[in-house]
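A.B. asks: Structure in structure tokens, see below.
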4 protein chains.
Amino acid sequence: MAGSTFGRILTMTTWGESHGAGVGVVVDGCPAGLALCEEDVQRYLDRRKPGQSRFTTKRNESDRVEILSGVFEGQTTGTPISMLVRNQDQHSKDYSEIAGYYRPGHADYTFDQKYGFRDYRGGGRSSGRETIGRVAAGAVAAGFLRELGVTVTAYTKSIGPVEVDPGRFSLEECGKNKLYMPDAVAASEAEAFLEEKMAQRDSAGGVVECVISGLPAGVGDPVFEKLSAGLARAICSIGAVKGFEIGEGFRAAKMSGTMNNDAFLPGKNGGIRKATNHAGGILGGISDGSDIIFRAAFKPTPSIASEQKTVTKTGEAVSVSIKGRHDPIIVPRAVVVVEAMAAFTAADMLLVSMSARMDRIKAFYLL
Amino acid sequence: MAGSTFGRILTMTTWGESHGAGVGVVVDGCPAGLALCEEDVQRYLDRRKPGQSRFTTKRNESDRVEILSGVFEGQTTGTPISMLVRNQDQHSKDYSEIAGYYRPGHADYTFDQKYGFRDYRGGGRSSGRETIGRVAAGAVAAGFLRELGVTVTAYTKSIGPVEVDPGRFSLEECGKNKLYMPDAVAASEAEAFLEEKMAQRDSAGGVVECVISGLPAGVGDPVFEKLSAGLARAICSIGAVKGFEIGEGFRAAKMSGTMNNDAFLPGKNGGIRKATNHAGGILGGISDGSDIIFRAAFKPTPSIASEQKTVTKTGEAVSVSIKGRHDPIIVPRAVVVVEAMAAFTAADMLLVSMSARMDRIKAFYLL
Amino acid sequence: MAGSTFGRILTMTTWGESHGAGVGVVVDGCPAGLALCEEDVQRYLDRRKPGQSRFTTKRNESDRVEILSGVFEGQTTGTPISMLVRNQDQHSKDYSEIAGYYRPGHADYTFDQKYGFRDYRGGGRSSGRETIGRVAAGAVAAGFLRELGVTVTAYTKSIGPVEVDPGRFSLEECGKNKLYMPDAVAASEAEAFLEEKMAQRDSAGGVVECVISGLPAGVGDPVFEKLSAGLARAICSIGAVKGFEIGEGFRAAKMSGTMNNDAFLPGKNGGIRKATNHAGGILGGISDGSDIIFRAAFKPTPSIASEQKTVTKTGEAVSVSIKGRHDPIIVPRAVVVVEAMAAFTAADMLLVSMSARMDRIKAFYLL
Amino acid sequence: MAGSTFGRILTMTTWGESHGAGVGVVVDGCPAGLALCEEDVQRYLDRRKPGQSRFTTKRNESDRVEILSGVFEGQTTGTPISMLVRNQDQHSKDYSEIAGYYRPGHADYTFDQKYGFRDYRGGGRSSGRETIGRVAAGAVAAGFLRELGVTVTAYTKSIGPVEVDPGRFSLEECGKNKLYMPDAVAASEAEAFLEEKMAQRDSAGGVVECVISGLPAGVGDPVFEKLSAGLARAICSIGAVKGFEIGEGFRAAKMSGTMNNDAFLPGKNGGIRKATNHAGGILGGISDGSDIIFRAAFKPTPSIASEQKTVTKTGEAVSVSIKGRHDPIIVPRAVVVVEAMAAFTAADMLLVSMSARMDRIKAFYLL
């Protein structure tokens, strides 16, 4: 069954394999009249591209995006925006060996079980290159959100045991190190940790945190289309994500009601604000006007040079050591993917929320 | 926008408020020929009903389900199964006071922001009674899964600081205590902890763990319809859930690749098995034939008798103490809700997976 | 697969069989703040109920609707509106005979082929009673449309060979005869024709026409979600409909471009109008501000008392004569069903169209 | 809102404008293991390409398709199949004039009303080139159907007043004339008729008929997902279609029940057959095992060289004569589009129908 479309009013449909002709996405439902050019998208893609540091694969892809439709004279037209990135640096030979056995921690075995065979080159559809379409779509969504005063910012919260210290938190710092960590000291420690892992032919995991600011109260629906549920699905659909939490998350399970409840207080201009934000900006699945804050746990890169036990397609035991160019950690390049998925989800839910109230619909149509 | 339907091939559409005429669900897409009667559904509803112990609200609802359609001569007909539970014990007076202010930790404020007004009686649509429809639908899905040899089992993993000890884990024990904890010692400690919280007019949170056994390899799709993403959405759509993790979850972020990868080994009858199950049964979003294991973090019950600061609808600061009948902990009654959502997701994805391979489709249609 | 949900932003999910406990619908996505009571819905249901004249089945159902959720203090709350009509006059004995053979022109055979068995009582899910849910949902949609100045009006255009004469067309007359024909003379002729058919133990077909007035230009999307495509699906999903056409319809296939094109002319207040409306109010799948006009062809009632050849479930040839209470013509009771489906489609598409333009979205959110 | 995706299990998402970089489609949900190459798709595209005769636009596009993903070693992999056709012969200058006024019978006005502006070059998204994506997707669906013994065949039934004579009907003849008419005499008369229209600077409409053979009984669902409703939507989503009918269609409205009912008779091998096929192969929305037969009415090409009245964007009256290269009739090139949409709908509904019965699901999973 079709599984590559995400969103309800604003949708993205991604396609492409690691070593096919290219990867891409069709963004449908984008409102007409949004300024958009290839450079807007390219800026996002550049943040996930390989070869940025010694912690990312040396695969040399320029990953240039081409907008094929849906934009006219610098503006979106309301029709589908098709975006294409050609694959270029395809070392298919590197992968010929893995056609015959199942890499631990990868989707080789499950793809074969599901489809009967697989495009084994570079992981095919299960490759991280699949996220290029997501990031391109996220760039469009982020542009849409900016017009409404909404920003989405993700960063590396931790790498292995090294966590950002809240006392040193600086978003500015985030752009200065290749690990996208908003804490220079932690970034430096994390780099040392990663060097050690690489020396051990091993890999590491980490946590990405994301903040959505400026989202008005009232976005998200009760029951199945909660903003939290939508974000959970969006984030857990990213390869290597094993956990998702919002606000206090798993910590909330150990807190008492008096600690975890956020008191309401009178705000500016007769409005209402919260004294704290344990909830992470969502109550009953609906945004409360505070920052939306959530985290995603990424497992360590499964491709490691250390020897591992596995079996061949025909069930024979073998020992393997994964060659090729692999990131020792997924997190730094995943930061922009998290941001893209969060932006897309928020943009879609903002559009969804326009139809919630009769009085606003009447004002929309009768004025 | 419609937000009360869940699933793709097998869907449930829930409806109802805490103090309206009733709550219910329409299950659509259920295959014809599944044995189903009201008692099958009632057994599941009885596990979530109030008044089971001193830790659950004393609201006295018999919550009897009526199947209105879709079943003929004891079997599903393939048409929508409509199920209705009338609300009975509606103490609307208890709630008249809360019409005017916003309860901290509840959806009162966000509903007003979204819809302009709200059915304030007992939380209306954001009440825990909304889950009755989910549980009824989950009972149907669980029956479907049983026919295919798949079982879904959830239990309380922790309450506040009290965790189940793996060394004492016993599913049998789970049914013997009212906290649904598979560990008699932990259950006893947790009860003491909850007594303390109640004495403090406070509440507690906890973690539910769930295991899906017998699911064949190949269920779930790459990209957006990963089994993990579907479960994440399903579980995070339950009120009070603040976190979701699969397999090692957030722990995986601190593990190295050599620790977290599950080696493949030759299995029985020429098959393949995994040496460990850090992945929680899902690789690349697709089931690998191992047990699917995930956890959900529930926040403490927001309704507490302690005094809290909040504001009225018109923005004036007030101090409130939530009266009425409220569970000091949501977790024990949420166990069956988690199980229901997991069963529904697994059943739907099993149906989805039937169309993955041309050879099997030909065998299906041409034999 | 689930097939009983219609709509995208505004959805209805219908359920129920002819001789089960009842029939009903869940309307989800209805904006909050729309005035709604049971009487609003009942008025629509009364137009389709049996026993209105000698041309409709004598089955005596009061078909009283109960609103179970989604309405509070006389207004919709934005949450699902569940509506229930209990089945009352169930002469199941009348149908015991048809369990064994396949009625020509009915869905008995195809249901058995699809599902392996069927609820044969009164046609089960394929009964005309299935439309009760549609009509109830359509009543909600019509109320929504009225708030925006949009009206939907259907009537009988022809019965067998008897057509409404445009020169005598009078909507007022439509409510005066039981055939819902806007032409007293044609209605009288049609009645005579139907008497003749009944005497022959035969049945008749006819055409329903529907006009949507007041719909603003810009509703409907290019490509697959054209307003025309949505209406086509909506109308052709009604049992017994065998044809759908919009504007000139099949006549357009015989016209030349110069005849069929509608010239644009300067309109009032700097606006634009069309000199004619051959298009039926839709250009490129999008409403042009003129009346939307379409027609639906209904086949003759398949249940006839005349003897017919058919086969039993086990494949033996038999001769049957359908007993029980059946309308000699479906059209008069189908008029309100067409109106309901048109209203629901238009309402949904109006909501969909709110997200088409960036400037309007900014005005919506930033004012 | 996104409106360029069609299908439920098997989906297509089309994109592209007449004078942008290209047009294309993403087919998602196609089962793995279907043989597919570019030539399979090209054959379908060649049937709709311009310049085939003097009755089709002289726009000289080679319309070569490139498959970008989803195929590995000659077989579909189960992942999205992205297909791209670059636009080549873009005479954008031809269209500069139409930027300022609204062509009668076209979507210029409604696009401006909906989106605030439009890509006016060649009609942009509302151009007939949009159907390239549909035809490419239909080619994949047709290949899928062939594996299951299902064929889809469309042809020109009538052009203006010239209809195919059933007594001369010959599918073989259909491929021999450029009008795709299965009747040499009618084709010759239709050519003469079209010459006349062209001399008059006018255009013509016509009817396409389509037959789906080999579809097993049981495909399509009751209520909203009837096979007939799905086909109606699919066909009415094609630009210029103004009517749709199945089986006897509008004729059924004038028939009596005794004439229109199809008697069931004992068939081969203990099976069941119908004596006639007035129903067009669908009963209660579900296929009955007979041929599915439907027709689509196409309006005359709105682009005509004759002078027409219209208005400019600013509302001034003008007289225009549409220049550029336009087909005097849409029908011959639309034949393959109808076939593509029918094939796609049938393929999707076949996949949908796999989940209808518990016994078959158990056989699928437990064997």
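A.B. asks: Give me the pairs, please: first residue somewhere in the range C:189-206 and among the aromatic types (Phe, Trp, Tyr), second residue anywhere and outside any loop (DSSP other than H, G, I, E, B), beta-carbon distance under 7 Å, and either six or more positions apart or on two chains.
C.D. replies: So the pair list comes out as C:Phe193/C:Ile159; C:Phe193/C:Val162; C:Phe193/C:Ala204.
A.B. asks: Kindly provide the set of residues from the range B:225-243 that are in a helix (DSSP H, G or I) and more than 17 Å from D:Thr77 (Cβ to Cβ), ordered by number.
C.D. replies: Residues satisfying the conditions are B:Leu227, B:Ser228, B:Ala229, B:Gly230, B:Leu231, B:Ala232, B:Arg233, B:Ala234, B:Ile235, B:Cys236.
A.B. asks: Within the set of pairs 6+ apart or on separate chains, which have a first residue in the range B:169-183 that is touching a residue at least 40 places away in the same chain (Cβ under 8 Å), a second that is among the hydrophobic types (A, V, I, L, M, F, W, C) and outside any loop (DSSP other than H, G, I, E, B), and C-beta atoms under 6 Å apart?
C.D. replies: B:Leu179/B:Ala187; B:Leu179/B:Ala190; B:Tyr180/B:Cys174; B:Tyr180/B:Val335
A.B. asks: Kindly establish whether C:Leu215 is under 28 Å from D:Pro300 (Cβ atoms) and surrounded by 24 or more Cβ atoms within 10 Å (Cβ to Cβ). Explain how you work it out, then say what you get.
C.D. replies: Values: under 28 Å from D:Pro300 (Cβ atoms): yes; surrounded by 24 or more Cβ atoms within 10 Å (Cβ to Cβ): yes.
So C:Leu215 fits the description; yes.
A.B. asks: Among the residues of the range C:12-31, count how many are facing another protein chain (nearest Cβ under 7 Å) and buried (at least 24 other Cβ atoms within 10 Å of the Cβ).
C.D. replies: Of the residues in the range C:12-31, 11 are facing another protein chain (nearest Cβ under 7 Å) and buried (at least 24 other Cβ atoms within 10 Å of the Cβ).
A.B. asks: Within the range C:108-192, considering only helices (runs of 4 or more DSSP H) that don't extend past its boundaries, which have at least 3 residues that are farther than 30 Å from A:Phe364 by Cα?
C.D. replies: On the way: elements: C:108-115, C:131-147, C:171-174.
Because the criterion is at least 3 residues that are farther than 30 Å from A:Phe364 by Cα, the helices (runs of 4 or more DSSP H) in the range C:108-192 that meet it are C:108-115, C:171-174.
A.B. asks: May I pose another question? Are there any pairs with C-beta distances below 9 angstrom linking a residue in the range A:23-48 that is part of a helix (DSSP H, G or I) to a residue that is surrounded by fewer than 18 Cβ atoms within 10 Å (Cβ to Cβ), with the two at least 6 apart or on different chains, and if so which?
C.D. replies: A:Glu38/A:Arg64; A:Glu38/A:Glu66; A:Gln42/A:Arg64; A:Leu45/A:Arg64; A:Asp46/A:Gln52
A.B. asks: Something else now. Can you tell me which residue in the range B:306-319 is farthest from the other protein chains (Cβ to nearest Cβ), limited to those that are touching a Phe, Trp or Tyr at 6+ places or on another chain (Cβ under 6 Å) and of a type in the set (A, V, I, L, M, F, W, C)?
C.D. replies: Just the residues of the range B:306-319 that are touching a Phe, Trp or Tyr at 6+ places or on another chain (Cβ under 6 Å), to begin with: B:310-312, B:318.
Still in the running and of a type in the set (A, V, I, L, M, F, W, C): B:311, B:318.
Details: B:Val311: 5, B:Val318: 9 Å.
Residue satisfying both the conditions and the ranking: B:Val318.
A.B. asks: Okay, moving on. Would you confirm, using the coordinates I've provided, whether D:Thr345 is of a type outside the set (Phe, Trp, Tyr) and either open to solvent by less than 10 Å² (accessible area, probe 1.4 Å) or within 18 Å of the chain's Cα centre (by Cα) (or both)?
C.D. replies: yes
Here's the yes/no breakdown for (1) more than 7 Å from chain A (Cβ to nearest Cβ); (2) open to solvent by 30 Å² or more (accessible area, probe 1.4 Å); (3) within 26 Å of the chain's Cα centre (by Cα):
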residue: B:Val208; (1), (2), (3): yes, no, yes
residue: B:Leu231; (1), (2), (3): yes, no, yes
residue: B:Ala240; (1), (2), (3): yes, no, yes
residue: B:Gly243; (1), (2), (3): no, no, yes
residue: B:Gly247; (1), (2), (3): no, no, yes
residue: B:Met259; (1), (2), (3): yes, yes, no
residue: B:Asp262; (1), (2), (3): no, no, no
residue: B:Asn269; (1), (2), (3): yes, yes, no
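A.B. asks: Residues of the range C:275-305 being in contact with a His (Cβ under 9 Å, 6 or more places away or on another chain), touching a residue at least 60 places away in the same chain (Cβ under 8 Å) and within 7 Å of chain D (Cβ to nearest Cβ), which ones?
C.D. replies: C:Gly284, C:Lys299, C:Thr301, C:Pro302, C:Ile304
A.B. asks: Right, next: Can you work out which of the residues in the range C:130-154 that are within 14 Å of another protein chain (Cβ to nearest Cβ) and open to solvent by 40 Å² or more (accessible area, probe 1.4 Å) is farthest from C:Asn87 (Cα to Cα)?
C.D. replies: In this case the residue turns out to be C:Gly149.
A.B. asks: Of the conditions (1) among the small types (Gly, Ala, Ser); (2) without any contact (Cβ under 8 Å) to a residue 60 or more places away in the chain; (3) surrounded by fewer than 24 Cβ atoms within 10 Å (Cβ to Cβ), D:Ser355 fails just one. Which one is it?
C.D. replies: That leaves (3) as the condition not met.
A.B. asks: Is it the case, given these coordinates, that C:Lys157 is closer than 28 Å to C:Gly284 by Cβ, basic (Lys, Arg) and open to solvent by 10 Å² or more (accessible area, probe 1.4 Å)?
C.D. replies: yes
A.B. asks: If you take the residues in the range B:306-320 that are without any contact (Cβ under 8 Å) to a residue 24 or more places away in the chain and in a strand (DSSP E or B), which one is nearest to B:Thr110 (Cα to Cα)? Break it down into steps so the answer makes sense when it comes.
C.D. replies: The first filter runs over the range B:306-320 and keeps only residues without any contact (Cβ under 8 Å) to a residue 24 or more places away in the chain, leaving B:307, B:314-317, B:319.
Pick out the ones that are also in a strand (DSSP E or B) and you get B:307, B:317, B:319.
On the way: B:Glu307: 21, B:Ala317: 17, B:Ser319: 19 Å.
Looking at the filtered set, the residue picked out is B:Ala317.
A.B. asks: Cβ-Cβ distance below 6 Å, separation of 6 or more or different chains: which pairs start in the range B:116-128 with a residue that is over 14 Å from B:Ile322 (Cβ atoms) and end on one that is in a helix (DSSP H, G or I) and among the aromatic types (Phe, Trp, Tyr)?
C.D. replies: If the second residue must be in a helix (DSSP H, G or I) and among the aromatic types (Phe, Trp, Tyr), the pairs left are B:Arg118/B:Phe111; B:Arg121/B:Tyr95.
A.B. asks: If you don't mind, another one. Are any of the residues in the range A:115-125 under 14 Å from the mean Cα position of the chain (by Cα) and either more than 24 Å from A:Gly289 (Cα to Cα) or among the polar types (S, T, N, Q) (or both)?
C.D. replies: no
A.B. asks: Restrict the check to the range B:249-257 and report whether at least one residue is more than 7 Å from chain A (Cβ to nearest Cβ), part of a loop (DSSP other than H, G, I, E, B) and touching a Lys or Arg at 6+ places or on another chain (Cβ under 9 Å).
C.D. replies: Within the range B:249-257, not a single residue is more than 7 Å from chain A (Cβ to nearest Cβ), part of a loop (DSSP other than H, G, I, E, B) and touching a Lys or Arg at 6+ places or on another chain (Cβ under 9 Å).
The values are calculated or read from the model by the stated rules, or taken from the named source; none is laboratory data. As the structure is a computational prediction, the values presented were derived from the model and not from experiment. Reconstructed Cβ throughout: ideal geometry from the backbone, glycine too, with neighbour counts over all protein chains shown. Side chains included, ligands, DNA and RNA excluded: accessible areas come from the protein's heavy atoms. Shrake-Rupley method; radii C 1.70, N 1.55, O 1.52, S 1.80 Å.
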